[in-house]
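Participant: I have a structure I would like to understand better, so I am pasting it below and will then ask my questions one at a time.
The values are calculated or read from the model by the stated rules, or taken from the named source; none is laboratory data. Bear in mind that the values here come from a model prediction, so they are computed numbers and not experimental data. A quick note on method: Cβ atoms are made from the backbone with ideal geometry, for glycine too, and the neighbour counts reach across all protein chains shown.
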Amino acid sequence: MSLTITYSPAYTLVPTYECFNRCTYCNFRADPLQSPWLTLAEAEKRLELLQTQGVIEILILSGEVHPDSQRRKAWFQRIYDLCELALSLGFLPHTNAGPLSFEEMARLKEVNVSMGLMLEQVTPDLLNTVHDRSPSKVPSLRLQQLEWAGELKIPFTTGLLLGIGESEVNWRETLESIARIHSRYHHIQEVILQPHSPGNKQSWDGEVFNAEKMPEVVAIARSILPSEIALQIPPNLVSRSDILLDCLAAGATDLGGIGPIDEVNPDYPHLQLSILTNILAESGWELVKRLPVYPQYVNWLSPTLQTAVKQITTR
């Protein structure tokens, strides 16, 4: 009998790459006003081409317009409209657009089956190093997002970024923070363990996270997080198949969204799905599609979103 590992057939729409943060390891951002916003017309063209490609999840992944900017309202509306468009074309949206206000999160709940925000690490020490020009990376601000998601009953994804100057103690502190908030609201559906992988746009000279440590991080996470939280490993960032398989043996359960481009790590393309499937099958693992909302959270969604989920599961 095969063991199963899940993934989400996904495609990423980027409303804008502009971001007021300047994380030194970032390979995604552009300066404010230097990234044209994705139009609804262009998004519709892309999505229509995907309707026969087996894609389920549309990840709306955006750089951040400053909360005090006069452009913030228009930026938020573009994100909302892209989610609405994706729904209308038969996809399930999942938004990750940095910290949002409580009101913004509540509105996006109307058009998203799940949402997400990486905690990265809860140690404030990084505000003096890789996050020294990144106001929205204040740990308390990001922890507040997890709290608000729980209050709003939003199925949520968060995660750790590994190898940006933190310690093993920091891993445990971050995981314990996630577990503590989840124990109140039971809304964290998955936690990503993402190794820092250098790209050609970053200004930091940090090295690649040692992939041989990944099974250890998985084991630590599995020992701290409750079993109902999925543990996600990005297979394009753990390129050695033996280490990937060791991560699964240590308790990883999901490979995340797999699509044409990893927008956060554009220098690290995914393997072809058939190749990844064969690598896993040789060791007794079956790669299985999933939705961007886990089954236990479907009844948290509005009737409209529940209908959208049902239409996908029955087609």
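Participant: Exactly one of these conditions fails for ASP132: (1) assigned to a loop (DSSP other than H, G, I, E, B); (2) closer than 19 Å to ILE220 by Cβ. Give me its number.
Facilitator: (2)
Participant: With (1) more than 21 Å from TYR11 (Cα to Cα); (2) at pLDDT 95 or above; (3) surrounded by 15 or more Cβ atoms within 10 Å (Cβ to Cβ) as the list, and GLY206 as the residue in question, which single condition is left unmet?
Facilitator: Unmet for GLY206, out of (1) more than 21 Å from TYR11 (Cα to Cα); (2) at pLDDT 95 or above; (3) surrounded by 15 or more Cβ atoms within 10 Å (Cβ to Cβ): (2).
Participant: Return the only residue of ARG142, ARG172, ARG180, ARG184 being closer than 22 Å to LEU244 by Cα and either out of contact with any Cys (no Cβ under 7 Å at 6 or more places or on another chain) or free of Cβ contacts under 8 Å to residues at least 60 places away in the same chain (or both).
Facilitator: Numbers: ARG142 fails: closer than 22 Å to LEU244 by Cα; ARG180 fails: closer than 22 Å to LEU244 by Cα; ARG184 fails: closer than 22 Å to LEU244 by Cα.
Only one candidate passes the filter, namely ARG172.
Participant: Quick one: would you say LEU146 is assigned to a helix (DSSP H, G or I) and not charged (D, E, K, R)?
Facilitator: yes
Participant: Of the conditions (1) out of contact with any helix residue (DSSP H, G or I) (no Cβ under 6 Å at 6 or more places or on another chain); (2) modelled with pLDDT of 95 or more; (3) of a type outside the set (A, V, I, L, M); (4) crowded, with 16+ Cβ neighbours inside 10 Å, GLY251 fails just one. Which one is it?
Facilitator: (1)
Participant: Still on this structure, I have one more. Just to be sure, is LEU237 over 19 Å from the mean Cα position of the chain (by Cα) and touching a residue at least 40 places away in the same chain (Cβ under 8 Å)?
Facilitator: No.
Participant: With the condition kept exactly as written, say whether any residue in segment 9-29 is hydrophobic (A, V, I, L, M, F, W, C), within 21 Å of HIS270 (Cα to Cα), outside any loop (DSSP other than H, G, I, E, B) and over 19 Å from the mean Cα position of the chain (by Cα).
Facilitator: For segment 9-29, residues hydrophobic (A, V, I, L, M, F, W, C), within 21 Å of HIS270 (Cα to Cα), outside any loop (DSSP other than H, G, I, E, B) and over 19 Å from the mean Cα position of the chain (by Cα): absent.
Participant: Something else now. Do the conditions hold for LEU291, that is, is it part of a loop (DSSP other than H, G, I, E, B), in contact with a helix residue (DSSP H, G or I) (Cβ under 7 Å, 6 or more places away or on another chain) and under 30 Å from SER197 (Cβ atoms)?
Facilitator: Taking the combined requirement at face value, the residue satisfies it.
Participant: Does segment 85-92 contain at least one residue that is closer than 23 Å to HIS196 by Cβ, part of a helix (DSSP H, G or I) and not small (Gly, Ala, Ser)?
Facilitator: Kept after step one, since they are closer than 23 Å to HIS196 by Cβ, are these residues of segment 85-92: none.
No: zero hits.
Participant: Condition first: aliphatic (A, V, I, L, M) and either surrounded by fewer than 20 Cβ atoms within 10 Å (Cβ to Cβ) or in contact with a Leu (Cβ under 6 Å, 6 or more places away or on another chain) (or both). Now tell me which residues in segment 144-169 satisfy that.
Facilitator: Within segment 144-169, LEU152, LEU160, VAL169 qualify.
Participant: Taking segment 112-139 as the region of interest, how many residues are free of Cβ contacts under 8 Å to residues at least 40 places away in the same chain and among the hydrophobic types (A, V, I, L, M, F, W, C)?
Facilitator: Looking only at that region, the number is 2.
Participant: Where residues in segment 170-203 are closer than 15 Å to ASN265 by Cα and surrounded by fewer than 13 Cβ atoms within 10 Å (Cβ to Cβ), which of them is modelled with the highest pLDDT?
Facilitator: Across segment 170-203, the extreme among qualifying residues is SER203.
Participant: With (1) at pLDDT below 95; (2) crowded, with 20+ Cβ neighbours inside 10 Å; (3) over 26 Å from LEU13 (Cα atoms) as the list, and HIS270 as the residue in question, which single condition is left unmet?
Facilitator: Failing condition for HIS270: (3).
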